[in-house]
Amino acid sequence: MFQTFIDRFVQWCYYSKDYAFIRDTPYGVPFVQSMHLTGITLLLGTTLALNLRLLGIGFKRMSLPYLAEQLWLWTKAGMALTVVSGIMVFLPDPTRYAHNGPFRLKMILLCLALAYQFAVFRRVVRTDPESGSKARNAAFSALSLCLWFGVAWSGRAIAFFQ
């Protein structure tokens, strides 16, 4: 039943005239993919900066809560651009993505990364990193980086596994 829903959705996406301008023009998909990469760069760059500060490696002159406050708008902008452009990349050729193992892994990791970002990591970076042990901070940072870079790497793997 769920597979039937997915198949119908994929067919609707592929034959939709609303997305023909992306699918049928020579620059549509490359432009949307460029926007997707720009969003990923913003998202991963700000996430990396926060994780480095949490680990005590960089940005030591700024408190972690202050840095998080300064980067949060850029993180949200990167996240929004990535999600919107990702949907636009998916819609012109949904069959290719829906049956691709790395794409499915990417979607699972993306859901986990978003849940972790909003439920756990955001609260951790709003507190003083000195209040937690170095091992605790390293664990929070390692999980954050593994999830977000896992999303990016599995996204890159989509092109290599059919």
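Overview of values
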{"read-out": "Sole residue being among the polar types (S, T, N, Q) and closer than 22 Å to residue 83 by Cα, chosen from 144, 133", "value": "144"}
{"read-out": "Scan of the range 64-74 for residues that are touching a residue at least 24 places away in the same chain (Cβ under 8 Å) and out of contact with any Lys or Arg (no Cβ under 9 Å at 6 or more places or on another chain), ordered by number", "value": "71, 74"}
{"read-out": "Flag if residue 48 is in contact (Cβ under 8 Å) with a residue 60 or more places away in the chain, among the hydrophobic types (A, V, I, L, M, F, W, C) and out of contact with any helix residue (DSSP H, G or I) (no Cβ under 7 Å at 6 or more places or on another chain)", "value": "yes"}
{"read-out": "Single unsatisfied condition, residue 116 versus (1) within 20 Å of residue 40 (Cα to Cα); (2) outside any helix (DSSP H, G or I)", "value": "(2)"}
{"read-out": "Residue within the range 57-74 that is within 30 Å of residue 21 (Cα to Cα), at pLDDT 90 or above and surrounded by fewer than 18 Cβ atoms within 10 Å (Cβ to Cβ) present", "value": "yes"}
{"read-out": "In the range 103-120, the residues that are under 24 Å from residue 93 (Cα atoms) and without any contact (Cβ under 8 Å) to a residue 40 or more places away in the chain", "value": "104, 107, 108, 111"}
{"read-out": "Residue 38 vs. criteria over 30 Å from residue 135 (Cβ atoms) and either surrounded by 14 or more Cβ atoms within 10 Å (Cβ to Cβ) or of a type in the set (Gly, Ala, Ser) (or both)", "value": "yes"}
{"read-out": "Any hit, the range 26-38, residues being in a helix (DSSP H, G or I) and either touching a Phe, Trp or Tyr at 6+ places or on another chain (Cβ under 9 Å) or modelled with pLDDT under 85 (or both)", "value": "yes"}
{"read-out": "Residue list for the range 76-111, restricted to those being of a type in the set (Ser, Thr, Tyr) and surrounded by 14 or more Cβ atoms within 10 Å (Cβ to Cβ)", "value": "82, 85, 97"}
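Here's the yes/no breakdown for (1) part of a loop (DSSP other than H, G, I, E, B); (2) within 16 Å of the chain's Cα centre (by Cα); (3) modelled with pLDDT under 90:
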residue: 51; (1), (2), (3): no, yes, no
residue: 102; (1), (2), (3): no, yes, no
residue: 127; (1), (2), (3): yes, no, yes
residue: 130; (1), (2), (3): no, no, yes
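The values are calculated or read from the model by the stated rules, or taken from the named source; none is laboratory data. Remember, predicted model here, so these are calculated numbers, not experimental data. Neighbour counts are summed over all protein chains in view; Cβ atoms, including those assigned to glycine, are modelled from backbone coordinates with ideal geometry.
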